[in-house]
Amino acid sequence: MQTAKHYIDGNWIDKGEKRASTNPADNSLVGNYHVGSKALVDQAAGVSRSVFFNTSWQASPRLRASVLFEFADRLAAAKDEIVDLIVAENGKLRAEALGETIGAISETRYYGGLARTVLGRTIETAPGNFSLMHREAAGVAGIIVPWNAPLTLLVRSLAPALAAGCTCVIKPADQTPLVHARVLQCLIECPSLPKGVVNSINENGYEVGQAMVACPDIDLISFTGSSRTGKLIMAGAAPSLKRVNLELGGKAPALIFADADLDLAVHELTHGALVMAGQICVAAARFLVHKSIQKKFEERMIAAFKSVEVGRGSDPSSQMGSLIDQSNQKRLQQIIEQAGDEGELLLKGEAISGGAFLTPSIFRIDDLQSELVQEELFGPIVSIETFEDEAEAVMMANATVYGLAASVFTNDLNRAMRVSRAIRAGTVWLNSHTRLFAEGETGGYGQSGLGRLHGVEGLNDFLETKHVYMESGTV
């Protein structure tokens, strides 16, 4: 039994009502957490701002690199414990939790390396006239973390923020506060970390997140979550012109052409659609299939989805874990019924008793304007739509407001390159789906967000560029 507290200025704080955190697979109690408040946000932001302006943190790249390498080492040492806690509190498969943890360790080390290579540039605009373009930390970063990948989606904002020299206020999701507290424990055990650089406040409904967006001591917000919430964050940040980095919703199309390797496509898309029970914004959500292979593809996908073992994430035989909670289970059941009204249900998902489990669903639809096509469903539900030619496939892929990810399955390299360039999405995978790693930037077009995370560009929203001008002989 554990209790997740807030962390401010180097101290764990147990203020606020205590609430339970439960395992979505069986509703058992995992532990408790204290809820936060606007007052705690203001306190944490004040500490972060003071440390940013009154210490050498932002000017110490070697110190920041040391912190990140120490953090990675401590995450690695606690790997098994963190994995088990993710499974218990989130409900995903142990293999998924392990992959998430290994990925977070890799990303932390990646930004530890980049911390010492934040480069500016120098321009001599005329003889003896020099412009120095200096890259410096943007200030206090507010990081709002979702529940679906509570470690990876924390680290991919926190690591570049620290590498850039920002101080941080973090808000974990209220579904996974214990995972967050254990990860935070790894960070605060780092001997090189100065007190007050990182602070964290647990959520209380919407109060903490809203307070962070409005707080004048927080200079930027990095948020991963739904497009609806992202728009509210933009509106809340507008009065102070606070910078926002947003990775938002997705409706990832997978385009399967007539010459595609169907064995490969079915294998990739079964995993790509059902990873984390479909609760990931880059999950394959729409299968756009050439009409000539529609029947064959449908038969294979139905058989593949039917064979997926749905069960507890801790069970080695499970191939898909639970949803995050039973309210989302009920929401998705209603969507499945709607799919039967608007299209043809080829495979109807069913709830499994004992937890927030739902078997996969496939439906066929030909109405691009349907909400089922246009809206992110965030669960193990996919549509099959058909196209006649390449131009129609691209048009259909671009027919939603989202543009986070897509995939293309074909053995024609020229087509693969043409189509990948024509699709309006931040990531396009060729003959694969859901390949994510520290070195490769991710982010969205359209209503899938602003800015990029991962990779070198992941530093950009945590940095400012300052122009310092000088003329030789005057200084």
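With the structure loaded, tell me whether residue 72 is surrounded by 15 or more Cβ atoms within 10 Å (Cβ to Cβ), closer than 30 Å to residue 318 by Cα, assigned by TED's automatic domain parsing to the domain that holds residue 159 and in contact with a Cys (Cβ under 8 Å, 6 or more places away or on another chain) or whether it fails that test. Give the steps one after another, and end with the answer.
Details: surrounded by 15 or more Cβ atoms within 10 Å (Cβ to Cβ): yes; closer than 30 Å to residue 318 by Cα: yes; assigned by TED's automatic domain parsing to the domain that holds residue 159: yes; in contact with a Cys (Cβ under 8 Å, 6 or more places away or on another chain): no.
No: the conditions fail for residue 72.
Take the residues of the range 367-395 that are among the hydrophobic types (A, V, I, L, M, F, W, C) and more than 20 Å from residue 301 (Cα to Cα): which is surrounded by the most Cβ atoms within 10 Å (Cβ to Cβ)? Give the steps one after another, and end with the answer.
Quick first cut of the range 367-395, residues among the hydrophobic types (A, V, I, L, M, F, W, C) only: 368, 372-373, 377-378, 381-382, 384, 387, 391, 393-395.
Now restrict to residues that are more than 20 Å from residue 301 (Cα to Cα): 368, 391, 394-395.
On the way: 368: 12, 391: 11, 394: 21, 395: 13.
This residue is 394.
List, please: which pairs have Cβ atoms under 7 Å, are six or more places apart or on different chains, and start with a residue in the range 179-196 that is in the same structural domain as residue 159 (by TED's automatic domain parsing) and more than 17 Å from residue 97 (Cβ to Cβ) and end with one that is of a type in the set (Lys, Arg) and surrounded by 15 or more Cβ atoms within 10 Å (Cβ to Cβ)?
Listed pairs, sorted by first residue: 189/74; 190/74.
Given the conditions (1) touching a residue at least 60 places away in the same chain (Cβ under 8 Å); (2) surrounded by fewer than 24 Cβ atoms within 10 Å (Cβ to Cβ); (3) within 18 Å of the chain's Cα centre (by Cα), report the number of the one that residue 229 does not fulfil.
(1)
Identify, by number, the condition in (1) assigned to a strand (DSSP E or B); (2) of a type in the set (S, T, N, Q); (3) surrounded by fewer than 24 Cβ atoms within 10 Å (Cβ to Cβ) that residue 292 doesn't meet.
(1)
Restricting to the range 237-294, count the residues that are in contact with a Pro (Cβ under 9 Å, 6 or more places away or on another chain), small (Gly, Ala, Ser) and assigned by TED's automatic domain parsing to the domain that holds residue 318.
6
Considering only residues that are touching a Leu at 6+ places or on another chain (Cβ under 9 Å) and without any contact (Cβ under 8 Å) to a residue 40 or more places away in the chain, which ones fall in the range 235-286?
237, 242, listed by residue number.
Which condition breaks for residue 81 when tested against (1) in a loop (DSSP other than H, G, I, E, B); (2) under 30 Å from residue 311 (Cβ atoms)?
Of the numbered conditions (1) in a loop (DSSP other than H, G, I, E, B); (2) under 30 Å from residue 311 (Cβ atoms), the odd one out for residue 81 is (1).
Is there any pair with a first residue in the range 420-445 that is within 14 Å of residue 284 (Cβ to Cβ) and a second that is charged (D, E, K, R) whose Cβ atoms are under 7 Å apart and which are 6 or more apart or on different chains, and what are they?
429/435; 432/268; 433/268
The values are calculated or read from the model by the stated rules, or taken from the named source; none is laboratory data. Remember, it's a predicted structure, so these values are computed and weren't measured experimentally. Glycine gets a Cβ as well: all are built from the backbone with ideal geometry, and neighbour counts include every protein chain shown.
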